[in-house]
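The values are calculated or read from the model by the stated rules, or taken from the named source; none is laboratory data. This structure is a prediction, so every number in the text was calculated from the model and none was measured. Cβ sites come from the backbone with ideal geometry, for glycine too, and all protein chains shown count toward neighbours.
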Amino acid sequence: MSEHTATRTLYVIRQGPPSLEAAMLSGFLSLPAAAERAAVCLLRPVAPWPALAGAQVVAVPAPEGRRWSASGRVVRTVAQLARAVNATLIHSLGAEAQVVGGRAARRARLPALWSQLGVPSWGDWVHVSAAMASGGAVLTFAEAALGAQRRLPKGRRARRLSPGVGVPPGPRSARTRRARAALALPQEAIVAALAGPVCRPDAALATFLRAGSTLCHARPNAMLLLPAPKPGAERDVPAAIATHAGALRALDRIQTLPPELEEQLIYDAADIVSYDAHPRALPLGLLMAMAAGAAAVAVDQPMVREFADDRADAVFFPAGDAEALALILLALADDPDQRETLALTGEARARERHDAHDMAAAVGALEAELAGR
């Protein structure tokens, strides 16, 4: 980037698509004249990004060394970049907000907006306090976070914001045909998928594989679809498949998404998507399944209940209960009307409350308010 670039806002983002950070950023850059006023700093990119709506993009590799010294180098890099692009505001998206939202802004003498994806999941309010030193508000995507306002620094406050995901364009039927063709899945199959990502062969993966095995043994036209393993889990996930669903692999009834393909294909190709994650994780996979028009099944936990209603937008099951999940998958496989009802209500809720463009507009309004102080 050159010194004369007339950029006012520097967006700092850690993860690429299909993360919530990427959805939020895409929403920001879709707003009128936003791309011309934006620069994007990618921290620890897992793959090269294409140009984002005409905005300038710079990738910052993950530094080596101890955690805090490495973080310090990231802060200095972001501060230097902010000065180079003539930024007047740093907007941090995602997990790096603790580091970048406050410290880089202070070093660069810039105001900053600090945003966090699900504050309670981090549980480290020391860093929250440090990051909030330069911002006027903290955006939260979970109702539970509002209860922690007493722990925020004096003069700061939390603001509730609904998370947003990209709503895929075009009719569901056409997207399903294209996705199944891309993945070489039979068009007539009943496809049950696990919402991503799969970081390690944890209990969620084992529960889905055991339940999916029951489904596939009982229904000859059923298949399972898994997201691509994250770096570090490339060997562990196939081992988990061999342990819990080896017979399905031999029969070519289970498939893993190739890492070079977009995870959105899972949500477009599947009839049923099962979501299971840590109780404090933001249920991004559930929201993406709903937005794509798939019938959603989700583990019953407080964070999930904030974004879906049981038997309306999704069907809930107890965490770790493979038998209960199997019964739900069997019932949905045999009842296309119920699958369609869940898909329609889930998609309507996602469009109404969780569209990335609406979220970006809401955050952008707060950003303009803070920048104008």
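In the stretch 87-103, what residues are modelled with pLDDT of 70 or more and touching a Lys or Arg at 6+ places or on another chain (Cβ under 8 Å)? Once the filter is applied, which keeps residues that are modelled with pLDDT of 70 or more and touching a Lys or Arg at 6+ places or on another chain (Cβ under 8 Å), the stretch 87-103 yields Ala87, Thr88, Leu89, Leu93. Please verify whether Leu224 is of a type in the set (A, V, I, L, M, F, W, C), under 29 Å from Val167 (Cα atoms) and not in a loop (DSSP other than H, G, I, E, B), treating the condition exactly as stated. Here the answer is yes, as Leu224 does meet what is asked. Residues in the stretch 341-351 that are surrounded by fewer than 17 Cβ atoms within 10 Å (Cβ to Cβ) and either in contact with a Pro (Cβ under 6 Å, 6 or more places away or on another chain) or touching a residue at least 12 places away in the same chain (Cβ under 8 Å) (or both): Leu344, Arg351.
For Ala295, the stated conditions hold: it is closer than 11 Å to Leu342 by Cβ, of a type in the set (A, V, I, L, M, F, W, C) and crowded, with 24+ Cβ neighbours inside 10 Å.
Within the stretch 216-223, can one find any residue that is in the same structural domain as Tyr267 (by TED's automatic domain parsing), touching a Pro at 6+ places or on another chain (Cβ under 8 Å) and either charged (D, E, K, R) or within 21 Å of Val237 (Cβ to Cβ) (or both)? Yes, because at least one residue in the stretch 216-223 is in the same structural domain as Tyr267 (by TED's automatic domain parsing), touching a Pro at 6+ places or on another chain (Cβ under 8 Å) and either charged (D, E, K, R) or within 21 Å of Val237 (Cβ to Cβ) (or both).
Go through (1) touching a helix residue (DSSP H, G or I) at 6+ places or on another chain (Cβ under 9 Å); (2) touching a residue at least 40 places away in the same chain (Cβ under 8 Å); (3) surrounded by fewer than 17 Cβ atoms within 10 Å (Cβ to Cβ) one by one and return the number of the condition His354 breaks. Only one criterion is unmet by His354, namely (3). From the list Pro229, Pro238, Pro259, Pro168, the one residue that fits, being under 24 Å from the mean Cα position of the chain (by Cα) and closer than 28 Å to Ala331 by Cβ, is Pro168. Specify which of the listed residues (Leu224, Leu209, Leu205) is within 16 Å of Leu332 (Cβ to Cβ) and in contact with a Leu (Cβ under 8 Å, 6 or more places away or on another chain). It is Leu224.
Can you report the number of residues in the stretch 27-62 which are over 10 Å from Tyr11 (Cβ atoms), in a helix (DSSP H, G or I) and modelled with pLDDT of 80 or more? Count: 3.
Filtered by the rule that a residue be among the acidic types (Asp, Glu) and either closer than 25 Å to Thr176 by Cβ or free of Cβ contacts under 8 Å to residues at least 40 places away in the same chain (or both), the stretch 287-331 gives Asp300, Asp309, Asp310, Asp313.
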